[in-house]
Amino acid sequence: MLLIPYPNGEVIQNPGLFVLGNAFSIAITKDTFGFASRQLKSWLTDTCNLTVTLAEPGHSSSIQFRESSGKLPKEGYSIYVSSTGCMLEAESAVGAFYAVQTFKQLIDARNGTIPCCEIHDSPSFSWRGLLLDATRTFCPLPEMFRLLDLASSLKLNILHWHLTDDQGWRLAIDGYPNLTNSSPQFYSKEDVRKVLSYASERNITIIPEIDMPGHFIAALASYPQFSCTGGPFSIPQGEGIFSELLCLGKEEALIFAKSVINEVCDLFPAPFIHLGGDEIPLIRWKECSDCQKKMKELGLKEEKELLRWFANTMAHVAKEKEKTIIFWDDSIDEHYDPSIVCQIWNPLRNERKTVGKRSLIMSNYFYTYLNLSHSIIPFRAAYRYGALLNGKTNRRSNIMGGEFLLWTEDIHTRKERDKHLFPRLVAGAETLWTDPSRLDWKRFSKSYKMCNERLFTSIVAQTRPFFANPPRLYCKIRRYLEYRRVRKNSKKSGITKL
Ligand SMILES: [Zn+2]
């Protein structure tokens, strides 16, 4: 059967069909399945032009939701289709929601038929993410909702929301109202609550990223007193690695960082907060008398120890709010607080030696950076990432899962977003859900053709097959050139030695 992501349990197709007919009902046994059943009803009404009603619990219906008797994992579900009816079974609202995503793919919208079958399913990884950079290009609320719909239909469960960077500060902070002065478009607390509620219904946890102490010019443009030099600063255009950092030698700058973290922790219910910590040239701290004084007080010899001290201190601040911080892997070593989750991105760092035994989120540059051209990350490479991750998982149980990333320096419109995301995000989602023993490129390529028709709630602009999978030699050359660029930038930002 052609399903995305392909199920991890039994998939049995039996002879015969169930015919939905013109008017039928959906029944639930539990209130928690209400959202999933309403989603299914509106999809059947809009896509298949059928008249559907929601029946009271206990009434016999063509499609029934049933609570499983404690045998399914939280995100798991089972589907049973016979010629007389369909049963969607789950333990929780999440499982029911995922059952609906699979069930939609079984329906032939042209004639309202479903093949008789039995499907059992639950995910391979618990962290299945999409990063959206809403800083370089602001993402308005309706587009956020559309992306959440798309991600959840692929059974992704994390939206990593990159909210601050050199080029913009997109989140209102009550304690420091000038932060958003440099960004004409930003999210109010009310906006965030709307996104959180929409995401939560679709089983997506929103992880806010407040990038510090680097990638920080937008904050320093409003509050230059928190920098080493005192500014003034102007917002940079386009991409780049910039030297300006939060000054760790000034007490008010540390109070600022802590207050922002506290406010963000209060706003977002996720147990994690991402604090960036990437691409930090240490030159300003070297030249700053305040930072040097601080290092002396703390008995630190090198600036990179000051960065580690900052990470560990902020991990403690987050812990008081019962949150865990996530850092990019640039500078993490075994002396960082063991609770800090490390997000791996840089292919030049040998993560096994450096990060210790901490939990990991995987997002390798050459497989998951979907803002890169399809000639650097072809469709088939995004699909290969799952096998690669799962190979590592056998040796390392501390991998929580992975993320596919969309940075937006050069991506501004909905069409551009879609053409970078699709079809690669579909491949990525399958690799994070489906066990490696079940990944099959041929089956997957056939299945993905039906995405726009049966899986998504709105049509997406996909990159055409030839451009999504360019000739291998051309890809090899493009990847080599990109590798050289990453090497140069990694040296510049102190990730690797000069
Ligand atoms: Zn300083």
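Bear in mind that the values in this text are calculations on the coordinates, not laboratory data. Not measured: the values here are computed from a predicted model. When we count neighbours, we look across all protein chains shown, and the Cβ atoms used for this are built from the backbone with ideal geometry, even at glycine.
By definition, a body whose alpha carbon gyration tensor gives a ≥ b ≥ c is prolate when a/c is 1.5 or more and a/b is larger than b/c, and region 221-263 fits this prolate description.
The modelled label-to-label distance between residue 143 and residue 474, using points 7 Å beyond Cα along the C-beta direction, is 2.8 nm. The residues 463, 368, when put in order of fewest to most other Cβ atoms within 10 Å, stand as 463, 368.
For region 237-264, the residues whose backbone nitrogen is under 19 Å from a point 7 Å from the Cα of residue 178, taken along Cα to Cβ, are 244-261.
Where a ≥ b ≥ c are the square roots of the eigenvalues of the C-alpha gyration tensor, would you call region 11-121 rounded, which needs a/c under 1.5, or, failing that, prolate if a/b is larger than b/c, or oblate?
Working: a/c = 1.63, a/b = 1.20, b/c = 1.35.
In terms of gyration-tensor shape, oblate.
Between the residues 148, 242, 186, the greatest Cα displacement towards the positive end of the dipole of region 127-492, with unit charges on the Cβ of Lys, Arg, Asp and Glu, is found for 148. Couplings 3J(HN,Hα) for region 426-433, derived from phi with the Karplus relation 6.51 cos²θ - 1.76 cosθ + 1.60 (θ = phi - 60°), are 5, 5, x, 4, 5, 5, 8, 9 Hz, where x marks Gly and Pro.
Taking the number of Cβ atoms within 10 Å of each Cβ as an exposure proxy, the fewest-first ranking of 288, 116, 228 is 116, 288, 228.
Where Rh denotes the Kirkwood radius from the mean inverse Cα pair distance, what is Rg over Rh for the chain? A ratio of 1.00. Be a star and scan region 6-38 for residues whose amide nitrogen sits under 20 Å from the point 7 Å along the Cα-to-Cβ vector of residue 49. Residues 19-25 qualify, since their backbone N sits under 20 Å from the label point. Near residue 65, the amide H atoms lying under 5 Å from its own belong to 27, 28, 29, 88; only residues 5 or more places off or on other chains count, and H is placed 1.01 Å from N. Angle of helix 379-395 to the longest C-alpha principal axis of the chain, folded into 0 to 90 degrees and rounded to 10: 80°. For the chain, relative contact order (Cα pairs under 8 Å, six or more residues apart, normalised by length) works out to 15 percent.
So what's the gap between the Cα centers of region 188-257 and region 133-172, to the nearest angstrom? If we compute the Cα centre of each part, the gap is 15 Å.
What is the angle, in °, between the Cα long axis of helix 303-320 and the longest principal axis of the Cα atoms in the chain? Nearest 10 is fine, range 0 to 90. Rounded to the nearest ten degrees, it is 50. Close amide-amide hydrogen proximity is noted between residue 324 and 272, 273, each under 5 Å apart and 5 or more residues distant or on a separate chain (H modeled in the peptide plane; Pro and chain starts excluded).
A cut-off of 5 Å between modelled amide H atoms, ignoring neighbours fewer than 5 places along the same chain, links residue 14 with 116, 117, 118. Within the same chain, lysines fewer than 8 places from residue 304 are excluded, and of the rest, those with a Cα less than 22 Å from its Cα are 250, 258, 286, 293, 294, 296, 353, 357, 488, 491, 492, 497. The simple Förster model, with R0 at 45 Å and r as the Cβ-Cβ distance, assigns residue 113 and residue 412 a FRET efficiency of 0.60.
Suppose every Lys and Arg Cβ carries +1 and every Asp and Glu Cβ carries -1, with no other charges. What dipole size does the chain come out with about its Cα centre, to the nearest 20 debye?
Numbers: 63 positive and 54 negative charges, 389 e Å.
So the dipole magnitude of the chain works out to roughly 1880 debye.
Axis angle, to the nearest 10 degrees, between helix 141-153 and the longest C-alpha principal axis of the chain: 60 degrees. Assuming charge only on the beta carbon of Lys and Arg (+1) and of Asp and Glu (-1), the dipole of region 11-121 about its Cα centre is about 120 debye to the nearest 20.
Below 8 Å, C-alpha to C-alpha, sequence gap of six or more: please give me the relative contact order for region 405-498 in percent.
Numbers: 34 pairs, mean separation 27.3, N = 94.
This gives 29 percent for region 405-498.
For the pair region 363-380 / region 57-110, the C-alpha centres are spaced 35 Å from each other. Extension gain for residue 333 to residue 190 (0.36 nm times residue separation, less C-alpha to C-alpha distance): 47.7 nm. Exposure proxy shown here: for 226, 186, the number of other Cβ atoms within 10 Å sets the order, fewest to most, as 186, 226.
Look at the Cα gyration tensor of region 377-498: its axes a ≥ b ≥ c give a/c of at least 1.5 with a/b at or below b/c, and that counts as oblate. Our summary gives region 36-131 a relative contact order of 27 percent, counting only alpha carbon pairs under 8 angstrom and 6 or more residues apart.
Per residue, the Cα convex hull of region 257-308 amounts to 101 Å³. Take the alpha carbon atoms of region 422-454, find their center, do the same for region 290-351, and report the distance between the two centers in whole angstrom. Between the Cα centre of region 422-454 and that of region 290-351, the gap is 37 Å. Only one residue of 254, 366, 274 has its Cα farthest out toward the positive end of the dipole of the chain, where Lys and Arg carry +1 and Asp and Glu -1 on Cβ, and that residue is 366. Ignoring lysines fewer than eight residues from residue 74 along the same chain, the ones with Cα atoms less than 24 angstrom from its Cα are 30, 41, 104, 155, 323.
With all distinct Cα pairs included, what does the Kirkwood hydrodynamic radius of region 321-413 come out to in Å, to one decimal, could you say?
Numbers: mean 1/r = 0.0702 Å⁻¹.
Roughly 14.2 Å, rounded to one decimal.
Using a 4.7 Å Cβ-Cβ cutoff, the cysteines of the chain lacking any partner cysteine are 48, 86, 116, 117, 139, 265, 342, 451, 475.
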